[in-house]
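The block underneath contains the structure these notes are about, expressed in structure tokens.
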Amino acid sequence: MRAFAIFTGLIALGLAGIAFLGYPAWLVMAPWLDNPKFHRIASRVGMLLLAIGFVIVVRRLKMADRQSLGFGLPAGKFVTAVLKALMLGIVLMMPALMTMLLLDMREPAGEPMDVLQWARLALGAIITGLTVALIEETFLRGAMQFAITRESGARVAIVLTSLLYAATHFIGRYRVRAADVHAGSGIDMLAFALADFAQPMHFIDAFLCLVAVGILLGMARVYTGNIAACIGLHAGWVAVIYVVNETSKREVGSSLSWMLSDVNGFLGWMVLAWTLVIGVALSFWYRRQPQRTIP
């Protein structure tokens, strides 16, 4: 469990940076910015500490190489695998999305869009998905899962990584006006960010859904020996959720609205059920792929 403690500690380091260095960073940076936002400055401080800590940890644990971090495939094959998984991830989300629409669980929001607007939205969603997936998968399925696997085996690594992956999605977003920033704003931001964990039953459906998703991504890492599929699948799922949330909203009047989480109106019990089905499909697909690069 040493590796799990180390990577959890990195996240704690980032959060501590927000709490205790956010305000000093604000005092330094705010005068140089036209529209300073405390949450952005404090968040960047936390991310910088996390990034520095990550580099130090992977070197100390002797994982500072492409193979260990999940980038063992040649560049061309890696990109191809990411793009294939991206398309697969989008396709696999369609049954869940169609279920929501057919059962009137979501309704259109905003003005109708033309083809160009849809194309821009889709492109933005894919770019966002790839960015998020590259960062999260490098940290979680790349470094963290590899490190825990060396210590405790693949099953333990998949479970622990999936639990942490799910938990990080419930760190809340804090906003404060520039005029209201004070010396304790960093601590306030941290307290607000972790407030949801005081009422875990409020998001238990979304949490379990994300744990299941994390397990699927962990399985893809084991089956393929790299994180190309993890990045692609993750990006595809993020892209679909992004587009759906931008173009529709949860139908609170529906008798089945309880199947969608209050957290983001997309995850929940229904998506969890579909995730189990997707897991079977992915297991069948990736077990047949002859591209494993590590045991």
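The values are calculated or read from the model by the stated rules, or taken from the named source; none is laboratory data. Since we're looking at a predicted model, the values are computed, not measured. Because the Cβ atoms are built from the backbone with ideal geometry, glycine has one as well, and the counts that use them run over all protein chains shown.
Give the stretch 235-269 a look and list any residue that's surrounded by fewer than 17 Cβ atoms within 10 Å (Cβ to Cβ) and aliphatic (A, V, I, L, M), or say none.
Val252, Leu256 - these are the residues of the stretch 235-269 that are surrounded by fewer than 17 Cβ atoms within 10 Å (Cβ to Cβ) and aliphatic (A, V, I, L, M).
Among the residues of the stretch 130-140, are any in a helix (DSSP H, G or I) and over 23 Å from Leu282 (Cβ atoms)? It would help to see each step written out before you state the result.
Initial filter on the stretch 130-140 (in a helix (DSSP H, G or I)): 130-140.
Then keep just the ones that are over 23 Å from Leu282 (Cβ atoms); that gives none.
Checked the stretch 130-140: no residue is in a helix (DSSP H, G or I) and over 23 Å from Leu282 (Cβ atoms).
Taking the stated definitions as given, is Val159 touching a residue at least 40 places away in the same chain (Cβ under 8 Å), among the β-branched types (Val, Ile, Thr), part of a helix (DSSP H, G or I) and over 24 Å from Thr128 (Cβ atoms)? Please lay out each step first, then the result.
Values: touching a residue at least 40 places away in the same chain (Cβ under 8 Å): yes; among the β-branched types (Val, Ile, Thr): yes; part of a helix (DSSP H, G or I): yes; over 24 Å from Thr128 (Cβ atoms): yes.
In short, yes.
Which of the residues that make up the stretch 162-175 are small (Gly, Ala, Ser) and either part of a helix (DSSP H, G or I) or in contact (Cβ under 8 Å) with a residue 60 or more places away in the chain (or both)?
Filtering the stretch 162-175 for residues small (Gly, Ala, Ser) gives 162, 166-167, 172.
Ser162, Ala166, Ala167 - these are the residues of the stretch 162-175 that are small (Gly, Ala, Ser) and either part of a helix (DSSP H, G or I) or in contact (Cβ under 8 Å) with a residue 60 or more places away in the chain (or both).
Under 8 Å by Cβ, and 6 or more places apart or on different chains, what pairs join a residue from the stretch 129-153 that is hydroxyl-bearing (Ser, Thr, Tyr) with one that is outside any helix (DSSP H, G or I)?
Between residues of the stretch 129-153 that are hydroxyl-bearing (Ser, Thr, Tyr) and residues that are outside any helix (DSSP H, G or I), the close pairs are Thr138/Gly70; Thr138/Ile227; Ser152/Met1.
I need a count of the residues in the stretch 151-206 that are surrounded by 15 or more Cβ atoms within 10 Å (Cβ to Cβ) and of a type in the set (Asp, Glu).
Total meeting the criteria: 3.
Val181: among the β-branched types (Val, Ile, Thr), out of contact with any Cys (no Cβ under 6 Å at 6 or more places or on another chain), within 30 Å of Ala25 (Cα to Cα) and modelled with pLDDT of 85 or more, yes or no? Give the steps one after another, and end with the answer.
Values: among the β-branched types (Val, Ile, Thr): yes; out of contact with any Cys (no Cβ under 6 Å at 6 or more places or on another chain): yes; within 30 Å of Ala25 (Cα to Cα): yes; modelled with pLDDT of 85 or more: yes.
Against the criterion (among the β-branched types (Val, Ile, Thr), out of contact with any Cys (no Cβ under 6 Å at 6 or more places or on another chain), within 30 Å of Ala25 (Cα to Cα) and modelled with pLDDT of 85 or more), Val181 qualifies.
What residue, of Ile231, Ile278, is touching a helix residue (DSSP H, G or I) at 6+ places or on another chain (Cβ under 9 Å), crowded, with 21+ Cβ neighbours inside 10 Å and modelled with pLDDT of 90 or more? Give the derivation first.
On the way: Ile278 fails: modelled with pLDDT of 90 or more.
After ruling out the rest, the residue left standing is Ile231.
Residues in the stretch 182-240 that are over 27 Å from Arg150 (Cα atoms) and of a type in the set (Val, Ile, Thr): how many?
Number satisfying all stated conditions: 4.
Any residue at all in the stretch 40-63 that is among the basic types (Lys, Arg) and in contact with a Gly (Cβ under 7 Å, 6 or more places away or on another chain)?
The first filter runs over the stretch 40-63 and keeps only residues among the basic types (Lys, Arg), leaving 40, 44, 59-60, 62.
From what's left, in contact with a Gly (Cβ under 7 Å, 6 or more places away or on another chain): none.
No, the stretch 40-63 contains no residue that is among the basic types (Lys, Arg) and in contact with a Gly (Cβ under 7 Å, 6 or more places away or on another chain).
Considering each of Val243, Val263, Val213 in turn, give the residue that is assigned to a loop (DSSP other than H, G, I, E, B), touching a helix residue (DSSP H, G or I) at 6+ places or on another chain (Cβ under 8 Å) and among the β-branched types (Val, Ile, Thr).
Val263
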